Amino acid sequence: MSSLNRKIQPDYCFMNFDEIKQPEKIIISGEIPLYVINAGTEDIVKLQIIFDAGSKSDSHNLTAVFTNLMLCEGTKNRDSKTIAEELDYYGAYLQNNCSRDFADITLFTLGKYFAKTFEIITDMLNNPSFPADEFSTVLNNKKQKFIVDEDKVRIKAAKKFSEVIFGSGHVYGRNARISCFGSLGLQQLKGFFKRLYSKNNCRMIISGNITADIISIIENNFFLAESESVREEGGLYEKSQGCSEKKHFIPKDGVSQSAIRIGKTVVNKNHPDYPYLQIVNTVLGGYFGSRLMANLREDKGYTYGIGSAVVSHLHEGYFTVAGEVGAINTVDSAREIYYEIERLQNEIMPLEELDRVKNYMLGEYIRLFDGPLAVSETFRAVVDYGLDMSYYTTFRDVINNITPEQVRDFACKYLDVSSLYEVISGKC
Amino acid sequence: MINFEKSELKNGLKVIVHSDLTTPLVAVNVLYKVGARNENPERTGFAHLFEHLMFGGSVNIPSFDEPLQLAGGENNAFTTNDITNYHETLPAGNIETALWLESDRMLELSFNPKSLETQRNVVIEEYRQRYLNQPYGDIWLHLRPLAYKVHPYRWATIGADEAHITGATMDMVKEFFYKWYNPSNAILSVAGNISPGEVFKLAGKWFGDIPRRETGNFNLTPEPVQTETRRLMLERNVPADVIVVAFQMPERMHKDYKTIDIISDLSGGGKSSRLFRSLVMEKKIFSEIESYITGNIDKGLLVVEGRLIPGFSFSEAENEIFSVIEDLRLTISETELDKVKNKAETTTVFGYTDILNKASGLAYFEMLGDAGMINTELEEYRKITAGDIKYCIGNYLRITNANIIHYKALK
C-alpha cells in the first residue's frame, strides 16, 4: 500500500466511439415521420409527439400554451377527470411542453400498457372538446402561478432580456402580460388546434423497448386531420431588431439578491460557427469549472451559481450570462462578467485549460447517448432544426480540433462587449 | 431486478457494485451517514457547509473538479437532514480518477482557509437564493420548528441562523470531519460498465489504507407524539395566501411508513388525486394543491400544501382539506389503490434506467440496513390494503397531529 502515489492522477483515456446510429424512420399515416430509437434493458416507452405549434405561431401570446394544455382536459369520449384517472391507472406520465417554436406531448409508459395509454393520447389529439369550465379553471390557476412568478427577480430579468435583445414585439422577444389572461378565448384555441395540430405539421420520436407490436399499434391507430392551411415556412420569419438602449435596470425593494442577464442574439444550431460558439461558452460559463464560476463563486463568493448559455430558436439563437448575486455585489459582479468576456478576447487561453474543457465536453458527449431516454432528447435537439445525428459527429470533431487561437477569434467575432445587452433586476 | 455484489473493507467501508454493460459510463456514489440531524444545535448548517468544503481540495490533491473534468467526468453532491451524498459519472475506463479523488477527501481535507472563507459566503448566497429571495421561500424555515420540538429536524439543512455559518471556524471544520467522515460511516456504490471484482480491487487500492476512525454518537432523542394542533400565522409580501398542513408520521423503517407514502399519493400526487380533483378542478378553492412526504429516517412529515384562490378564507380552505381526507378514509377503493401502486411501479422502472439513480439507490438502502431493499420495495407497496389506508388516516392524519401554517398575502 505504501507505493500508492496519491499526488498523481491515475491514467485516463477516451475510447473511440462507434459511428452514431441514425434512428430508424417510419412514415405513419402517409406523411408523419416516426423516429424509432430501440435501446435499453427496461420495458419502458417514451413517445414524443411534436408539432410546429409554438407561441410564435399566433399573435396572442398564450394561445399556443393553452391549446397544448387543454388537450388533457377533455375529449368527445372522456372528461378531464377520466383522462387523468385512466393515465394514472396505467401508471403513465404525460408531459406537455410549449416553447416559442414547438409544442409537444410526451407519454412515458411501461411497454405492457402501451396500447391502453396510446389510445388515450390518440383520443386527445383527434377529438379534443376544449370544455369551457375546465378552461376557465386552468386559465385562472395558471394566472395565479404567473403572478407568483412575476414576483421573482430571476423571471423579471429573463423576460426583459428577451424583449431587449429580440425586440418586445418580436416572436422571440414578446412576453405574456397579466392582461393576456383576460383576452384569451376558447375559439382561439380551437382555431389554433385546427390550423397546426395536423398531420403535415407533426413528427414523433419513440424510444425504449420498442417491439414490432408497438410499431404496428401506432401504424394502425394514429391518424390526424390534414390542415387547411399550408405549413409555415422560414421565409415568413422577420429577423429580430434589438432595443437601441443596451442597459436596463428593474428596481425591486427589499431584495437580498439581484438577477443579472448579459447577452445578445447570435447564430443558431444551423450555422457552422455554432459548435465553436458552444465551446467558447463552455469555457466562460458552461460548466462547474468555468471562468465565471471560478471568479464570481469560488474566488469571490458573490453568488451560489452563475453560468452562461448559447440557446437556439428555430431561426435565431442567443447568448446569455445568467445568475443571481448578493445585492451588495451587483455592480462588482457585472464588472467581473465583462472582465471575463474580454479576457477571452484579449488573451490566448492556456492549453491545459482548453484540454480540460475538451475532455469535459467529450464526457458530456458520451452522456448524450447513454440510454434510450437520453438518446431521444439528443435526437430531438437536432431533428427540430432539420438536422440529423451527423450534427454530433461534426460537433465532436470541432471539440477535438479547436485551438486556443480559435477560441479567442470566435469570442471576438461574437461577444464584442459593446454589442452586449445588460438587464439587472433587484438592487444596485 | 438490480443485481449487485457487496463487500466490506477492513476499515469498515462498505462497497456495493451493480454491473450494467449496456452503458459506456460508470457512476460512483459515496454516501456519508451524516446530515443536519447530527449537528450541534448551536452550530446548525454545518453538514451542508461541510459538503461545500469537500470540493475545496484534499490532503494530496489541490482541486477536486479539475482532474475529474480532465477525465470527462461530472459531479455533484447534496445534503439532507439525514445524509450527505457525493457522486460522479464518467467514462467507465476512467473510474480510477473518481476513486482517487473520493478516497483522498475521505482520507483528509486540505483544510484550506481561503476555501472556508469563500464557501461561507457562497452558502449565505445559497440561503438567500433558495429561502429569502423567493416568494414563499421561508415556509420550511418556520414549519420545521413548529412540527419538531425536540428532534434536530427542527432546523433546515441550510441552518437555523446565518450567524452559525458566518461563525464557522477551521477548528469546528476539523472536528466535524474527524467525527463523521470515517470509512465505517460511509458507503461506496458503483454502477455501470465494470465488473464487481474490478471495483473491489480498486476500492481496496484507493480506500484500503484510510484509517478507521471513531464515529460520533447517533443517539437522538425521538420527537414525542403530538397531541394538539399547532398553528402559525405568517404575513408576507406575496401575491396569494398559502396553507400548509403537516402531519407527524413514523420513521422510515416503521410498518406504517409505506402506507402513509401511498396516502400522500392518493390525496395529492398528481392530476387524478383527491385534493386536486375536488379542490382545484371542482370547487375551485385552490389554484394548486399537492401532498407529499419528507421521507426522513426518523419521524417525518406528510405535508399538504396549497395556494388559495383569492376570495376564499383560510378556515374554508382548511375545512375542505380535512373533509377530502375524511372522504378518502371512507371511500377508498381497491381500484384507486391499484392506481397509485401502478404509478409507483412506473416511477421505479423509469428511475432505474439511470446508472446514477441505481448507484445512489443502492447506497441509500444499504444505509437503511440492506441494499437488497431496492428490489423488494415495490412488492411491499403492493401488499398495502384499503384497511391499512383507513387505519393510518385515522391514526396519523388527525387534527391533533397537524402543524398548520396560514401564510397570508399582504398585497
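The values are calculated or read from the model by the stated rules, or taken from the named source; none is laboratory data. Treat the numbers as computed from the prediction; the structure is a model and nothing was measured. Neighbour counts run over all protein chains shown; Cβ positions are idealised from the backbone, glycine included.
Just a few scattered comments:
- Checklist (1) buried (at least 19 other Cβ atoms within 10 Å of the Cβ); (2) facing chain A (nearest Cβ under 10 Å); (3) touching a strand residue (DSSP E or B) at 6+ places or on another chain (Cβ under 9 Å); (4) not polar (S, T, N, Q) applied to B:Val349, failing item: (1)
- Scanning region A:325-353 for residues that are out of contact with any Phe, Trp or Tyr (no Cβ under 8 Å at 6 or more places or on another chain) and β-branched (Val, Ile, Thr) yields A:Ile328, A:Thr330, A:Val331, A:Ile337, A:Ile341, A:Ile348.
- Sole residue being over 24 Å from the mean Cα position of the chain (by Cα) and either touching a residue at least 60 places away in the same chain (Cβ under 8 Å) or closer than 24 Å to B:Thr23 by Cβ (or both), chosen from B:Ser110, B:Ser115: B:Ser115
- Among the residues of region A:138-178, those that are within 14 Å of chain B (Cβ to nearest Cβ) and farther than 30 Å from A:Gly74 by Cα comprise A:Asp151, A:Lys152, A:Val153, A:Arg154, A:Ile155, A:Lys156, A:Ala157.
- Among the residues of region A:300-344, the one identified as under 12 Å from A:Arg261 (Cβ atoms) and among the acidic types (Asp, Glu) is A:Glu324.
- All positions within region B:288-317 that are of a type outside the set (Asp, Glu), surrounded by fewer than 23 Cβ atoms within 10 Å (Cβ to Cβ) and at the interface with chain A (Cβ under 9 Å from one of its Cβ atoms): B:Ile309, B:Pro310
- Only one of A:Ser55, A:Ser29, A:Ser3, A:Ser99 that is more than 14 Å from chain B (Cβ to nearest Cβ) and at pLDDT below 95: A:Ser29
- Some residue of region A:351-365 being assigned to a loop (DSSP other than H, G, I, E, B) and of a type in the set (D, E, K, R): no
- Scan of region A:294-309 for residues that are more than 9 Å from chain B (Cβ to nearest Cβ) and in a strand (DSSP E or B), ordered by number: A:Ile306, A:Gly307, A:Ser308, A:Ala309
- Test set (1) assigned to a loop (DSSP other than H, G, I, E, B); (2) buried (at least 22 other Cβ atoms within 10 Å of the Cβ) - B:Glu88 fails condition number: (1)
- When region A:358-372 is filtered for residues that are surrounded by fewer than 20 Cβ atoms within 10 Å (Cβ to Cβ) and either under 15 Å from the mean Cα position of the chain (by Cα) or closer than 16 Å to A:Pro23 by Cβ (or both), only A:Leu368 remains.
- Residue match in region B:328-337 (condition: more than 25 Å from the chain's Cα centre (by Cα), buried (at least 16 other Cβ atoms within 10 Å of the Cβ) and among the acidic types (Asp, Glu)): yes
- Residues (of a type in the set (Asp, Glu) and farther than 22 Å from B:Tyr153 by Cβ) located in region B:11-61: B:Asp20
- Inspection of region B:214-229 identifies no residue that is more than 30 Å from B:Asn133 (Cβ to Cβ), more than 14 Å from every other protein chain (Cβ to nearest Cβ), touching a residue at least 40 places away in the same chain (Cβ under 8 Å) and not in a loop (DSSP other than H, G, I, E, B).
- Helices (runs of 4 or more DSSP H) wholly inside region B:135-193 containing at least 3 residues that are in contact (Cβ under 8 Å) with a residue 60 or more places away in the chain: B:139-147, B:170-180
- Total residues in region A:382-412, condition surrounded by 15 or more Cβ atoms within 10 Å (Cβ to Cβ), in contact with a Leu (Cβ under 9 Å, 6 or more places away or on another chain) and assigned to a helix (DSSP H, G or I): 8
- Scope region B:10-31; condition within 12 Å of chain A (Cβ to nearest Cβ) and part of a loop (DSSP other than H, G, I, E, B); matching residues: B:Lys10, B:Asn11, B:Asp20, B:Leu21, B:Thr22, B:Thr23, B:Pro24
- Residues located in region B:102-117, provided they are part of a helix (DSSP H, G or I) and within 10 Å of B:Leu53 (Cβ to Cβ): B:Arg105, B:Ser115, B:Leu116
- Residue match in region A:124-137 (condition: surrounded by fewer than 16 Cβ atoms within 10 Å (Cβ to Cβ), within 11 Å of chain B (Cβ to nearest Cβ) and among the acidic types (Asp, Glu)): yes
- Selection status of A:Ala294, of a type in the set (A, V, I, L, M, F, W, C) and more than 21 Å from the chain's Cα centre (by Cα): yes
- Of all the listed residues (B:Gly45, B:Gly73), the sole one being in contact (Cβ under 8 Å) with a residue 24 or more places away in the chain, within 11 Å of chain A (Cβ to nearest Cβ) and not aliphatic (A, V, I, L, M) is B:Gly73.
- Flag if A:Gly254 is under 30 Å from B:Leu68 (Cα atoms), within 14 Å of another protein chain (Cβ to nearest Cβ) and not in a helix (DSSP H, G or I): no
- Residues in region A:368-377 that are more than 7 Å from every other protein chain (Cβ to nearest Cβ) and in a helix (DSSP H, G or I): 5 in all.
- Check on B:Glu96, in a helix (DSSP H, G or I) and either of a type in the set (Phe, Trp, Tyr) or buried (at least 20 other Cβ atoms within 10 Å of the Cβ) (or both): no
- If the condition is being aliphatic (A, V, I, L, M) and more than 27 Å from the chain's Cα centre (by Cα), then region A:116-166 contributes only A:Ala132.
- A:Ile44 in contact (Cβ under 8 Å) with a residue 40 or more places away in the chain and within 11 Å of chain B (Cβ to nearest Cβ): yes
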